[in-house]
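The values are calculated or read from the model by the stated rules, or taken from the named source; none is laboratory data. No experiment lies behind these values; they were computed from the predicted model shown. Virtual Cβ from ideal backbone geometry, glycine too; neighbours counted across all protein chains shown.
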Amino acid sequence: MWKIRPKISEKKFDWNFELFFQAAEEFNGTFLFTNDPENNTGKNILGVNPVVVITEDIVEFGNKSVKINPLELIDEILRINNMEMNHPLFLGYLSYDYKDQLEEKGLFAGLQHKKLPQIYFVIYEYYIITENMKKGYAEIVKLNFEFEHKKFNIEKVFNLEIEKNVGGSSKYIGSSLSRDEFKNGVEKIKEYVKQGDIYQANLTREITGTTDIKPTELASRLSQSNPIEFGVFSKINDSYMISTTPERFFRVKDKVLTTSPVKGTIERSKNPVKDKENLQILLNSGKDKAELAMIVDLLRNDMHKICTDDSVFVKDFPMVKKLNNVYHLYSEIEGNLREVNYEKIFKALFPCGSISGCPKVRSCQVIEELEGIGRGAYTGSFGYINFNGNADFNILIRTLFYEKGNISFNVGGGITLLSDPEMEYRETIHKANNIYNAIKMEEIWEERYCLTEK
C-alpha cells in the first residue's frame, strides 16, 4: 500500500518566493526556503497537494484514516521506498510538546499548546525544487501512489498570478510572562543551578497580537528581514507557520549525522566600530562560551546513543553566525549513524539541548514550571526526509504562528548562573525586534523600552 513511484522532470520556470508563498497558501502546501543575500546560495522545496498526512495518532490517505505510531510509520514508508534518490519524500515537524511522547510517562506535566498538531508529516503529490543560483529553472517531482486520491494539476502553480499585497499593521496584545515574571524566572533558574538541579535552562515567553496583514505578506516581509538558512511557510488546516530560523537542529547525509547548536547572542549595531566591538565582546564572553560548551557536551552525549563508537567529534568551536540584528555563537558536532532510523534519532536527540537546557529532562521540567504553558511547535523542529534517508531539520525559533488574524511568536534565551535578569529580558527584546519591525507591530513601551526613547 505504501509503495510510491516518483517521476522527475525539469521545467523552465520564472519562480520567486512570493509565488511559492501564494502556491503554498492556495494549494495546502509547505514551502521550505533559503535566502542568503551575501552569496545567493540555497535550495528551496515547495510541496503541494497533501496525499498522506501523519499526525499524533492517525494517518490520513485517500478517503481513509488509520490509527498509527507516527514515527514507526515514517520509518516503515522509508524502508519500503528506500532508493538512491536524493529528493523529498516527507515534509513536516515535531512540536516541542511532543517530547512528552518520547520519554517515559509521568516525567512531564503534559502542557500542550493546542493551535497545531503535536506532530505533522506530509507526503505531497508534487514537489517543486529550485536553487537560488538557477533562476528560471525548476525540478519537478511527481509521486504516484497505489491508492486513489485527489489529483492535482501542477500547471496551476506555474500559471499563478502573484496577488499584490496591501500593507497593513499588527497590534500587540501581551506577553505570557511580564518583564518582572521573566526576571523572576531567571532568578529561579539561577537558584536551581546553585542547588545542583541543572546547569542551565532555556526560558521563553510568548507574545500575542492581531494583524490585518495577509499570511503571504507576513512571510514575504519576514523572509526579507534577515538572512534565512531554514525558512518555513506552511499551511496546516486553517493555520500558518512562518519561520525564519537561523538554527539547524540536525542533518543526515549518507549516514553522517551533524548537529549545529546555537548559544550566545549579542545585538548588532549600525555603527561599524560599535558592531565590531560587540562581536569581540561575544567572542570573549566566558558566560556565552561556557553555555555553548555545555550544550555541545549534551548533544555529543545524545549522539553517542545512535552513532558508532568513537565517531562523534566537534568540528569547530566556537563559530559566528551573523544576522541583521544579532550575532550568535554556534558549533558543529558530527558522528556516523549506526542506522538511519528516525524514531531512534528523534528519541535520542529531541528536544534539542540548545532550546531546553542541561540536563535535558530536569531542564524541561523547570521550563514547564516557570513558563506555565505549552510551547507548541515553537522550539520544535521542521524539515524534510528524502527517499534515500537524507534529511535536514531546523529549530523552530524566530517563528510566527497565524490563525484567522491572530498571531503569536516566542522569544527567549539560555539562563546560567552568570545570567543577569535585566540583560536576559533585554536580549529577548532584541531577538523580537526583527519580527516587530517586519510585521509593523505598534510601539509598546513594555516591549521596546530598551530600544527606543520613551
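So which strands (runs of 3 or more DSSP E) are wholly in region 106-197 and hold at least 1 residues that are out of contact with any His (no Cβ under 7 Å at 6 or more places or on another chain) and within 25 Å of Leu396 (Cβ to Cβ)?
Numbers: elements: 119-131, 137-145, 170-175.
Hits in region 106-197: 119-131, 170-175.
Would you tally the residues in region 329-344 being aromatic (Phe, Trp, Tyr) and part of a strand (DSSP E or B)? Walk me through it before giving the result.
If we filter region 329-344 for residues that are aromatic (Phe, Trp, Tyr), which is where we start, we get 330, 342.
Filter once more, keeping what is part of a strand (DSSP E or B): 330.
Adding up the residues that qualify gives 1.
Go through Phe233, Phe250, Phe313 for me and flag whichever is farther than 20 Å from Phe33 by Cα and of a type in the set (Phe, Trp, Tyr).
Every option except Phe313 fails the conditions.
Scan Tyr436, Tyr384 and give me the residue that is aromatic (Phe, Trp, Tyr) and either out of contact with any strand residue (DSSP E or B) (no Cβ under 9 Å at 6 or more places or on another chain) or at pLDDT below 95 (or both).
None of the other options fit; the residue is Tyr436.
Of the residues that make up region 205-224, is at least one at positive phi and part of a loop (DSSP other than H, G, I, E, B)?
no
Quick one: what pairs do we get from region 226-237, first residue in contact (Cβ under 8 Å) with a residue 12 or more places away in the chain and part of a strand (DSSP E or B), second crowded, with 21+ Cβ neighbours inside 10 Å and of a type in the set (S, T, N, Q), C-beta under 7 Å, 6+ apart or different chains?
Matching pairs, first to second residue: Ile228/Thr244; Phe230/Thr245; Phe230/Asn394; Gly231/Ser223; Gly231/Ser243; Gly231/Thr244; Val232/Ser243; Ser234/Thr30.
When you check Ser65 against the structure, is it on the phi < 0 side of the Ramachandran plot and touching a residue at least 24 places away in the same chain (Cβ under 8 Å), yes or no? Spell out the reasoning first.
Working: on the phi < 0 side of the Ramachandran plot: yes; touching a residue at least 24 places away in the same chain (Cβ under 8 Å): no.
When the stated conditions are applied, Ser65 does not pass them.
Can Phe17 be described as surrounded by 14 or more Cβ atoms within 10 Å (Cβ to Cβ), of a type in the set (A, V, I, L, M, F, W, C) and modelled with pLDDT under 95?
yes
Within region 31-87, which strands (runs of 3 or more DSSP E) (wholly inside it) include 2 or more residues that are basic (Lys, Arg)? Spell out the reasoning first.
Numbers: elements: 43-54, 58-61, 64-67.
Ranges flagged: 64-67.
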